[in-house]
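To start, the structure under review is shown below, and the notes come after it.
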Amino acid sequence: MYKGKKVLVAGGTGLIGQPLVKMLLEQGAKVRVVSLDDPSLANPEAEFIRGNLTNWEFCKQAVKDMDYVFNLAGTKGAVSTGVAKAASFFVPHLVFNTFLMEAARVEGVERFLYTSTIGIYPPANEPKKEDIAWNAPPHHTNLYAGWAKLMGELQAEAYKVEFGWSKIAIIRPANVYGPNDYFNPASSMVVPSLIRRAVEGENPYIVWGDGSAVRDFVYTDDVAEGMLLALEHAADCTPINLASGEGATIKEVVDIIASYIPGLNVKWDPTKPSGEPMRVLDISRAKERFGFSPKVSLKEGIGRTIEWYKNYKSKLPKHYDVFLEKTLIA
């Protein structure tokens, strides 16, 4: 489906964007990447445009002449960041999601993939199926980013109702990790934060919570492949989870890291927040719709990420950081 097609990947320099762009190029697509990151992060075989998607005119420029659009643009942050930087999560997401999808509609884009998040779900003590999303608000640690992402899903549904534009895939990834993750010590998420501190030899190795929180970790390449399949086979505004479908405790993650980096003196800090007790996604719909099956185990994926970080930690490229900006829209 992608051979010879013009494809925009918004956020194509990020954690999922980089492997997705590589896969699209391998399938013969003509790829344009839009990002606020440094151009060095872009695939040299893709066209790169640096700009801010919270600007309406730039959004129209970005999607012009494209056949398909993947919206992977977003802001990542730790549990504490999601609360302390509420507006920095909420406002840009609302604006660039709205502008980019509307620009794609106006410019006649054929298919569009919208990236939502596991953070839209209300708390549950079992794997979360897609249909429970609107039963209750997101967990309080994901309230602002979660609602902003849900508005993008509702926008897609509104276009289907009013304009008959239904070729929109809605993807809800779990906790994605892998090479080129965001390793900023102030706001990185759990896996890159744990890996960075372990590789740097932190002693004692302090981990927030008691290790019992359960998360669904999925390797970046698996998500990228799932997105390609979703736009081809499930572009009908039906939300679909992309995850491992299995839970792992934070303690299990720490144990895996310790198996690659022996000698960690682990100290748990139960006075610090650890977020929702359980956050795992049901992936039955993805399996049924397009045969999605993650290939990379948690142990293998963490090993690959540790090796990547060791090789690049002295020359990590700088990702754009919205938390350093004085204004939230362009």
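Bear in mind these aren't lab numbers, they're just calculated from the coordinates by the rules spelled out. All figures in this text were calculated on a predicted structure; none of them were measured in a lab. All Cβ positions, even for glycine, are placed from backbone atoms using ideal geometry, and neighbour counts span all protein chains on display.
What the table below lists for this structure:
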item	result
ILE256 closer than 21 Å to ASN142 by Cα and in contact (Cβ under 8 Å) with a residue 40 or more places away in the chain	no
Close pairs from the stretch 32-58: first closer than 8 Å to GLY12 by Cβ, partner acidic (Asp, Glu) and assigned to a loop (DSSP other than H, G, I, E, B), Cβ under 7 Å, at least 6 apart	none
Residue that is farthest from THR238 (Cα to Cα), among those in the stretch 111-157 that are touching a Phe, Trp or Tyr at 6+ places or on another chain (Cβ under 6 Å) and not hydrophobic (A, V, I, L, M, F, W, C)	TYR144
Strands (runs of 3 or more DSSP E) within the stretch 101-178 that include 3 or more residues over 20 Å from ARG215 (Cα atoms)	111-115, 168-173
In the stretch 258-300, residue surrounded by the most Cβ atoms within 10 Å (Cβ to Cβ) [restricted to those that are among the basic types (Lys, Arg) and either in contact with an Asp or Glu (Cβ under 8 Å, 6 or more places away or on another chain) or not in a helix (DSSP H, G or I) (or both)]	ARG279
Whichever residue in the stretch 308-320 is charged (D, E, K, R) and surrounded by 13 or more Cβ atoms within 10 Å (Cβ to Cβ) and, among such residues, is farthest from LYS251 (Cα to Cα)	LYS313
Pair list, Cβ under 8 Å, 6 or more apart: the stretch 1-19 residue over 17 Å from ALA62 (Cα atoms), other residue basic (Lys, Arg) and surrounded by fewer than 24 Cβ atoms within 10 Å (Cβ to Cβ)	GLY4/LYS30; LEU15/LYS76
Where a residue in the stretch 218-245 is more than 9 Å from PRO294 (Cα to Cα) and without any contact (Cβ under 8 Å) to a residue 60 or more places away in the chain and its partner, wherever it lies, is among the basic types (Lys, Arg) and assigned to a helix (DSSP H, G or I), with Cβ under 7 Å and at least six apart	HIS233/ARG289
Filter result for the condition that a residue is closer than 25 Å to ILE261 by Cα and either surrounded by fewer than 21 Cβ atoms within 10 Å (Cβ to Cβ) or among the basic types (Lys, Arg) (or both), over GLU232, GLU246, GLU225	GLU246
Members of the stretch 283-301 found to be of a type outside the set (A, V, I, L, M) and closer than 19 Å to ILE250 by Cα, listed by number	SER297, LYS299, GLU300, GLY301
